[in-house]
1. If you check E56, E74, which single one turns out to be open to solvent by 20 Å² or more (accessible area, probe 1.4 Å), assigned to a helix (DSSP H, G or I) and of a type outside the set (F, W, Y)?
2. For the stretch 82-120, name all the residues that are assigned to a helix (DSSP H, G or I), farther than 20 Å from F256 by Cα and without any contact (Cβ under 8 Å) to a residue 24 or more places away in the chain.
3. For the list (1) part of a loop (DSSP other than H, G, I, E, B); (2) in contact (Cβ under 8 Å) with a residue 40 or more places away in the chain; (3) in contact with a helix residue (DSSP H, G or I) (Cβ under 6 Å, 6 or more places away or on another chain); (4) surrounded by 21 or more Cβ atoms within 10 Å (Cβ to Cβ), I need the number of the one condition that S328 fails.
4. Looking at the stretch 1-54 only, could you name the residues that are at pLDDT below 85 and hydroxyl-bearing (S, T, Y)?
5. I'd like the full set of residues that are in contact (Cβ under 8 Å) with a residue 12 or more places away in the chain, more than 24 Å from F187 (Cβ to Cβ) and exposed (fewer than 13 other Cβ atoms within 10 Å of the Cβ), limited to the stretch 370-409.
6. Taking the stretch 260-284 only, how many residues are under 24 Å from A351 (Cα atoms) and either free of Cβ contacts under 8 Å to residues at least 40 places away in the same chain or β-branched (V, I, T) (or both)?
7. Looking at T47, T37, which is the one that is within 33 Å of the chain's Cα centre (by Cα) and either open to solvent by 40 Å² or more (accessible area, probe 1.4 Å) or under 21 Å from D100 (Cβ atoms) (or both)?
8. Looking at A407, is it closer than 30 Å to L269 by Cβ and at pLDDT below 90?
Amino acid sequence: MGAPRKRGGQKLSVDDHLRELAELADTAGATVVGELTQQIDRPHPGTYLGSGKIEELADLARESQASLIIFDDELSPSQGKNIEDAVGKRVVDRAELILDIFALRARTSEAKMQVELAQLEYMLPRLTRMWTHLERYRAGIGMRGPGETQLETDRRLVNHRIKILKERLKDVERAREVQRASRQGEFKASLVGYTNAGKSSILRALSAAPEVHVEDRLFATLDPLTREAEVGDTRVLLTDTVGFIRKLPHHLVASFRATLEEVNEADLLLHVIDASHEHWEEHKVVVDGVLAELGANDRPVLLVFNKIDQMDEDRVFALQERVRERASNAVLVSAVAEGGLEPLRRALVTASREGRPVTEVEMSVTDGRLLAELHREGEVIGQRTEDDRLFVRARMDEALAGRLRHAGATVTVIERRPEKGRPRRADESTLESDG
């Protein structure tokens, strides 16, 4: 059931929204037997839809023998109950459907805790709807006492469980901070993007890690996965993150915040976009919104337009022209075509080198072994000779600097990598949506 607003151009994208809702339903294990739409000025406070459309929905549900009705928008607890009473079928909204899919897909204990927390926080204001038939009213002489209603009992238990889960997830977050500390000095890139844009496929191809799960379904990956990738002469740590989607439940974003903090620690965000999708501009806006909510919208971003193998030459050419005009920080790739990721590999090499601090190394002019290692594993910018001393200015990582110091060279940092959280440069502008 879709109910686009009359304003804001939502009517133009309702078909795409319902197709995505049908994919979500399929992922959750449901079979779609019908759909219905109504364009509205604003949601009805009691039933979201008008009374006539509610009757039409009830008739369609009976005719198609549907056992479940899924709304594309989030319903209030009272709206959900009133629609169920009027239609006689179970009703869920988009948020509840996404939470159910996450519960189905969760594999690790951390993901299961995050999903359970989001489900409980979603459920808490809806307990009245669920338990009204079990409530005992206490009133009058002889009815006063220490007892409590079933509703109050459940609310107390849910709140207690939420508290426990939040404490456990704080422990997980502290463990992640320790892991991040051990990766200091490494160049880190996080894959972010709309669900099913191909992030996991890119991670598997770049890292040559066959154990990375890839599936052509929504939310195939929930847990962050970090793998090492060799790109040219550069070593990069790539992290895959959970995909985003329009109208992502707020509770879900909050619950997965510890996991998504990986994006705030990244030196570069690889924003993967399904270039073959008709509404990729809208998907990009959704992802940008979630990144802003996470406080990561000031991270350096490289737009990675994936799946160009699914486009004809004219569409690829048109996309190239648009990218060339509006963004200097974008590459067009294919995770499945041979050589399709080479533009991304080159971009990662450039970004990782730019991220290394500029250092000056002082050594003996006769130490050819150290100089060869510096040229081989660093990026030499310039060098000069003073008497019997050689001064080389180069970009290098902490590991190489440590080896040079151990060998007797003097290594002085002249310019460190840009601080995380800096504003984007003018040449880091991103494509804007046409509306």
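1. Testing whether each residue is open to solvent by 20 Å² or more (accessible area, probe 1.4 Å), assigned to a helix (DSSP H, G or I) and of a type outside the set (F, W, Y) leaves just E56.
2. Correct list: E84, D85.
3. Of the numbered conditions (1) part of a loop (DSSP other than H, G, I, E, B); (2) in contact (Cβ under 8 Å) with a residue 40 or more places away in the chain; (3) in contact with a helix residue (DSSP H, G or I) (Cβ under 6 Å, 6 or more places away or on another chain); (4) surrounded by 21 or more Cβ atoms within 10 Å (Cβ to Cβ), the odd one out for S328 is (4).
4. S13, the sole residue that qualifies.
5. Of everything in the stretch 370-409, those that are in contact (Cβ under 8 Å) with a residue 12 or more places away in the chain, more than 24 Å from F187 (Cβ to Cβ) and exposed (fewer than 13 other Cβ atoms within 10 Å of the Cβ) turn out to be T385, D388, R389, G408.
6. Result for the stretch 260-284: 4.
7. T37
8. Against the criterion (closer than 30 Å to L269 by Cβ and at pLDDT below 90), A407 does not qualify.
The values are calculated or read from the model by the stated rules, or taken from the named source; none is laboratory data. This structure is a prediction, so every number in the text was calculated from the model and none was measured. No Cβ is skipped: glycine too gets one built from the backbone with ideal geometry, and neighbour counts run over all protein chains shown. Surface accessibility is based on the protein's heavy atoms, side chains included, excluding ligands, DNA and RNA. Shrake-Rupley method; radii C 1.70, N 1.55, O 1.52, S 1.80 Å.
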